[in-house]
1. Can you sort A:Thr30, B:Thr52, A:Thr140, A:Thr99 by how many other beta carbons sit within 10 Å, fewest first?
2. Under 14 Å between alpha carbons, and skipping anything fewer than 8 positions from A:Lys58 in its own chain: which aspartates and glutamates qualify?
3. What number, in nm² with one decimal, is the all-direction average of the projected area of the convex hull of the alpha-carbon atoms of the protein assembly as shown?
4. Taking R0 as 30 Å, what's the FRET efficiency between A:Glu46 and A:Glu248 from their Cβ-Cβ distance, rounded to 0.05?
5. In Å and on Cα atoms, what radius of gyration and Dmax does the stretch A:78-146 show?
6. With an 8 Å Cα cut-off and a minimum separation of 6 or more residues, compute the relative contact order for chain B in percent.
7. Using the Karplus curve 6.51 cos²θ - 1.76 cosθ + 1.60 with θ = phi - 60°, what ³J(HN,Hα) values do you get for each residue of the stretch A:160-172, in whole Hz, with x for Gly and Pro?
8. Can you pull out the trypsin sites (Lys or Arg not before Pro) in the stretch A:164-251 whose DSSP state is coil and whose Cβ has at most 11 other Cβ atoms within 10 Å?
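Nothing in this text is a laboratory measurement; each read-out follows from the coordinates by a stated rule. Not measured: the values here are computed from a predicted model. Note that each Cβ is placed from the backbone with ideal geometry, even for glycine, and that neighbours are counted across all protein chains shown.
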Amino acid sequence: MMNAPLYAIPGAIASAAPASPSAAPPPARTVADVLARSQVESVLDELDRDLVGLAPVKTRLRDIAALLVIDTLRAQHGLASQAPSLHMCFTGNPGTGKTTVALRIAQILHRLGYVRQGHVVSVTRDDLVGQYIGHTAPKTKEVLKRAMGGVLFVDEAYYLYRPENERDYGQEAIEILLQVMENQRDDLVVILAGYRDRMDTFFQSNPGMSSRIAHHLDFPDYDAGELLQIADRMLAASHYRFDERAREAFQAYLRRRLLQPNFANARSVRNALDRARLRQASRLYAERDRALGRDDLCTLAASDILASRVFAIDTQDTTE
Amino acid sequence: MMTNPAGRITQGQFSFLPDLTDAEIARQVQYGLERGYAWSVEYTDDPHPRNTYWEMFGMPMFDLRDAAGVLAGLKECRKAFPSHYIRLMAFDASRGVETITMSFIVNRPPSEPGFAVVREEGPGRSMRYTVRGYAADRPEAERYGA
């Protein structure tokens with residue numbers, strides 16, 4: 001073979017020293033140093049500010065962030081520890097913020113240097129499992145390659161395993177996923193998400209998957225007060241607001257809606273607000289000759305909300 | 001390249017340099033990904049200069065963000081073809097380019113016997129030349145050892 005060259009390849013890494021973080025700036029000594037450099041604090045604060053409720057989830061995220069910060073400090077003292085396994089499982093009812101939190105986690109892990117790129121690849125069964133023999137493995141591998149350096153978010157992961165069909169290709173996808181989760185921890189973080197009860201059955205039939213996931217996070221349902229806060233934020237984000245009576249009306253709406261089946265937390269709130277916007281639009285549309293000011297265009301009135309079907313059902317019930 | 005004093009085939013980028021390490025390959029790949037190139041892995045055991053199209057190993061990898069994905073593909077290929085030539089190629093899909101912009105060999109057989117010039121006498125005093133690899137005498141997959 002050839003001898004070591006006397007020239008340097010542009011962009012090449014010195015082969016001996018693993019000189020990545022500690023090279024240029026002086027090593028961080030305190031937690032504050034690491035935090036200042038990674039700016040993870042701002043993401044955590046944003047998480048607190050932007051996401052209503054979800055106390056257990058936020059606590060766990062802070063714990064994980066703390067562990068990664070301390071690991072950074074330990075690494076500078078040569079206290080090597082294996083990279084922690086950060087594969088997670090999010091369980092919770094629809095609309096409790098699983099996808100939103102996954103996006104934030106990717107950001108946090110990226111700032112702490114745990115994942116290199118910090119993007120999220122969101123997939124479902126269709127993206128992983130093929131339709132004929134020999135189709136699944138390349139498909140799953142392609143998705144995994146795309147997710148490398150970031151977070152792979154598998155929504156409704158329990159669909160991967162279909163016990164009723166023993167020739168289902170889902171099992172093959174699970175096996176490839178498991179192998180990568182075990183061997184390439186540094187390269188990607190896998191987050192499985194789904195409804196609580198179905199994920200429990202999924203893990204019972206795939207014990208290997210359950211044991212490779214370190215963090216099982218349960219997303220609680222929102223109560224009426226939290227949902228109202230969420231509604232306020234959604235409206236503010238699209239430059240709308242409730243007037244005083246509309247706010248009360250929406251509270252009443254939430255109380256009734258919570259008792260009905262198929263309530264999907266934040267998602268239902270979003271849909272209700274979208275419908276209220278439609279009603280506001282047609283209310284304003286009907287008044288042909290009125291000059292509409294900024295306030296009129298922004299404000300949702302009580303009548304926009306009280307026209308909802310939820311109130312109608314209720315009055316029917318009482319009359320019967 | 002017909003003759004080869006170092007006993008190494010020189011095709012594509014970096015081929016006059018010592019072999020790149022995996023970390024160096026990852027840096028090159030990441031550079032390409034950041035410019036939006038799609039990488040693909042190809043292999044062959046017939047590295048004749050006129051053999052432009054090597055065998056594809058899997059599909060070209062579009063929409064990747066991190067070099068780890070490409071290296072995973074490369075490792076699989078090395079496992080399947082340990083003593084073949086393997087190269088990585090970066091395809092630039094942007095309009096007006098739409099072609100390979102980077103290409104370098106990342107795996108070589110342990111010994112590379114090189115090429116011979118074959119001379120063929122034609123009518124009169126004319127002479128025709130061709131190049132053939134010493135290893136090309138043996139059948140495919142047996143050319144550079146197991």
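1. Working: A:Thr30 10, B:Thr52 6, A:Thr140 24, A:Thr99 15.
Going from least to most buried by this count: B:Thr52, A:Thr30, A:Thr99, A:Thr140.
2. Candidates past the 8-residue exclusion: A:Glu41, A:Asp45, A:Glu46, A:Asp48, A:Asp50, A:Asp218.
3. 36.2
4. 0.50
5. Gyration radius and largest Cα-Cα distance of the stretch A:78-146: 15.4, 50 Å.
6. Averaging sequence separation for qualifying contacts and normalising by length gives 26 percent for chain B.
7. For the stretch A:160-172, the Karplus curve yields 4, 10, 10, x, 6, 10, 6, 9, 5, 7, x, 4, 4 Hz.
8. Values: sites: A:Arg167, A:Arg185, A:Arg196, A:Arg198, A:Arg212, A:Arg233, A:Arg241, A:Arg245, A:Arg247; in loops: A:Arg167, A:Arg185.
When the trypsin sites (Lys or Arg not before Pro) of the stretch A:164-251 are filtered for loop state and at most 11 Cβ neighbours within 10 Å, A:Arg167 remain.
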